[in-house]
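**Student:** Dumping the structure here so I can ask a few things about it.
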Amino acid sequence: MQYTEWSADIPEYALSSEYAIQLADPEEWGKYCSVYYNMRYIGFFREEGFNSSQRNAYWIYRGESRVGGVRIAPNVMYHLFYIPPFQDSFEVLSLLKQLLMSWSDRTKPIKTYEILSDQVDLYARAGFWPDEFRCRWMQRPTEQYNIVWDHNFSIERPLIIDNQQGAKKFSKEDEIANCDFNSFEGSLEAVRRKKFLLEDFVPHEDPNYTNEILNQASTLVYDQETGQLIANCRLCLQDNQAAVYSVGVIPTYRGRGIATRMLQRALSVIKDHYPVLRLYVMEGNDAESLYYNLGFVQGELEVQTMYIPAIES
């Protein structure tokens, strides 16, 4: 069939003679998503909200009956859910894929994110390729710790300044980049994040995804003898919750409890402002045991990305 081109101003799109999607009120759509998306996942994120007005939420209709919901826009689709007792999930996903193919720039991949276990096979049947990485969220309650640092180390927090172009930057972004490069170079985590060169580790964006409290809870650790930045832990906002963006310790300084202390400091500083601290970790990452030993509980394992490959021009 001939599909209508995508526009944020169009409230309804036909998928077939039987199915359509309609632009949804974010509040109502979010309530349904929080029940029907995946209860194991939703139960883990008890404070999570799904009512963002900026994320293209649509109802899925069969005739006059509402049967599900999805977030969809050119080159991206996620948060797909169905309302019981609806069962024709593969038929609907196939129709959504066809609509998405008609909307999207095919020189770029079409992606869906954080695919939970109950939908991996469904997306694979529809022609989405799984990314090689399996990841999960972890979280634990914030807590006050009495932290004792080695006298050879000095502690600072990142300082955020104006970059003279209307955006923010870390005043020591080159030091942070070098620290992260030396911490992650050649690791699976660097491969997952597609960071291979020193310039890939310059933290251009994350100063814009934090706030004063989370920045206070972020930590830079210096070797007092050499003056080198040897570890850092940076916090960010994940929706409206506190999350760890990155934890890095240069290999020669590992095994001294530095990462543990940085995370304990983060948990302490944000205790009166956020109930939990979250982080996203790749299955098989050596840091998983660190987080587990600090009391972080594991969420559901997910495929980080599934995609339809781009067509080379």
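The values are calculated or read from the model by the stated rules, or taken from the named source; none is laboratory data. Model, not experiment: these values are computed from the prediction. Ideal geometry is used to build each Cβ from the backbone, glycine not excepted, and the neighbour counts take in all protein chains shown. Protein only, heavy atoms only, side chains kept; ligands, DNA and RNA dropped before computing areas. Shrake-Rupley method; radii C 1.70, N 1.55, O 1.52, S 1.80 Å.
**Student:** Within the stretch 92-104, identify whether any single residue is open to solvent by 70 Å² or more (accessible area, probe 1.4 Å), of a type outside the set (A, V, I, L, M, F, W, C) and over 27 Å from L263 (Cα atoms), and answer yes or no.
**Tutor:** yes
**Student:** Same structure, new question: Output the residue which, of all residues in the stretch 53-89 that are among the charged types (D, E, K, R) and part of a loop (DSSP other than H, G, I, E, B), is farthest from W6 (Cα to Cα).
**Tutor:** That would be D88.
**Student:** Okay, next question. Which of the helices (runs of 4 or more DSSP H) found entirely inside the stretch 208-313 contain at least 1 residues meeting this: surrounded by 22 or more Cβ atoms within 10 Å (Cβ to Cβ) and among the hydrophobic types (A, V, I, L, M, F, W, C)?
**Tutor:** The helices (runs of 4 or more DSSP H) meeting that bar are 212-217, 258-269.
**Student:** Let me ask another. Within the stretch 157-179, restricting attention to residues that are without any contact (Cβ under 8 Å) to a residue 40 or more places away in the chain and assigned to a helix (DSSP H, G or I), which residue is nearest to P251 (Cα to Cα)?
**Tutor:** A177
**Student:** Also, I was wondering about something else. Please state which of the following conditions H79 fails to meet, knowing it meets all the rest: (1) touching a Lys or Arg at 6+ places or on another chain (Cβ under 6 Å); (2) at pLDDT 95 or above.
**Tutor:** Unmet condition: (2).
**Student:** Just wondering, is there one or more residues in the stretch 53-62 that are touching a Phe, Trp or Tyr at 6+ places or on another chain (Cβ under 8 Å) and polar (S, T, N, Q)?
**Tutor:** Within the stretch 53-62, none of the residues are touching a Phe, Trp or Tyr at 6+ places or on another chain (Cβ under 8 Å) and polar (S, T, N, Q).
**Student:** Restricting to the stretch 8-33, name every residue that is crowded, with 17+ Cβ neighbours inside 10 Å, in contact with a helix residue (DSSP H, G or I) (Cβ under 9 Å, 6 or more places away or on another chain) and either assigned to a loop (DSSP other than H, G, I, E, B) or among the small types (G, A, S) (or both).
**Tutor:** Of everything in the stretch 8-33, those that are crowded, with 17+ Cβ neighbours inside 10 Å, in contact with a helix residue (DSSP H, G or I) (Cβ under 9 Å, 6 or more places away or on another chain) and either assigned to a loop (DSSP other than H, G, I, E, B) or among the small types (G, A, S) (or both) turn out to be L15, A24.
**Student:** While we're here: State which residue pairs qualify: first residue over 13 Å from Y19 (Cα atoms) and inside the stretch 79-103, second residue hydroxyl-bearing (S, T, Y) and surrounded by fewer than 16 Cβ atoms within 10 Å (Cβ to Cβ) in any location, beta carbons under 6 Å apart, and separation of 6 or more residues or different chains.
**Tutor:** Within 6 Å, the pairs are S102/Y3.
**Student:** If you scan the stretch 250-288, which residues turn out to be of a type in the set (G, A, S) and farther than 22 Å from Q224 by Cα?
**Tutor:** Hits for the stretch 250-288 are S268, G284, A287.
**Student:** Do we have any residue at all in the stretch 293-304 that's touching a residue at least 24 places away in the same chain (Cβ under 8 Å) and within 27 Å of E175 (Cα to Cα)?
**Tutor:** Looking through the stretch 293-304, none of the residues is touching a residue at least 24 places away in the same chain (Cβ under 8 Å) and within 27 Å of E175 (Cα to Cα).
**Student:** Is it the case that D131 is surrounded by fewer than 18 Cβ atoms within 10 Å (Cβ to Cβ), charged (D, E, K, R) and at pLDDT below 95?
**Tutor:** yes
**Student:** Which one is nearest to the chain's Cα centre (by Cα), of the residues in the stretch 43-59 that are open to solvent by less than 40 Å² (accessible area, probe 1.4 Å), under 25 Å from Q241 (Cα atoms) and at pLDDT 85 or above?
**Tutor:** Only one residue fits best here, namely A57.
**Student:** W137 fails exactly one of the following numbered conditions: (1) without any contact (Cβ under 8 Å) to a residue 24 or more places away in the chain; (2) not in a loop (DSSP other than H, G, I, E, B). What is the number of that condition?
**Tutor:** Checking W137 against (1) without any contact (Cβ under 8 Å) to a residue 24 or more places away in the chain; (2) not in a loop (DSSP other than H, G, I, E, B), the one that fails is (1).
**Student:** Which residue pairs have Cβ atoms under 7 Å apart, sit 6 or more places apart or on different chains, and have a first residue in the stretch 207-219 that is more than 14 Å from E173 (Cβ to Cβ) and a second that is in a strand (DSSP E or B) and open to solvent by 40 Å² or more (accessible area, probe 1.4 Å)?
**Tutor:** Correct list of pairs: Y209/L237; N211/L237; L214/L237; T219/I155.
**Student:** Just to check your reading of the model, which residue among R62, R71, R40 is among the basic types (K, R), in contact with an Asp or Glu (Cβ under 8 Å, 6 or more places away or on another chain) and crowded, with 17+ Cβ neighbours inside 10 Å?
**Tutor:** Going through R62, R71, R40 in turn, just one is among the basic types (K, R), in contact with an Asp or Glu (Cβ under 8 Å, 6 or more places away or on another chain) and crowded, with 17+ Cβ neighbours inside 10 Å: R62.
**Student:** Being over 17 Å from the mean Cα position of the chain (by Cα), open to solvent by less than 60 Å² (accessible area, probe 1.4 Å), within 25 Å of C135 (Cβ to Cβ) and modelled with pLDDT under 95: is that true of D200 here?
**Tutor:** Answer is yes for this residue.
**Student:** Could you tell me which numbered condition V148 fails, if it satisfies all but one of (1) open to solvent by 70 Å² or more (accessible area, probe 1.4 Å); (2) β-branched (V, I, T); (3) within 22 Å of the chain's Cα centre (by Cα)?
**Tutor:** Tallying (1) open to solvent by 70 Å² or more (accessible area, probe 1.4 Å); (2) β-branched (V, I, T); (3) within 22 Å of the chain's Cα centre (by Cα), V148 fails exactly one: (3).
**Student:** Does N182 satisfy the criteria of being touching a residue at least 60 places away in the same chain (Cβ under 8 Å) and part of a helix (DSSP H, G or I)?
**Tutor:** yes
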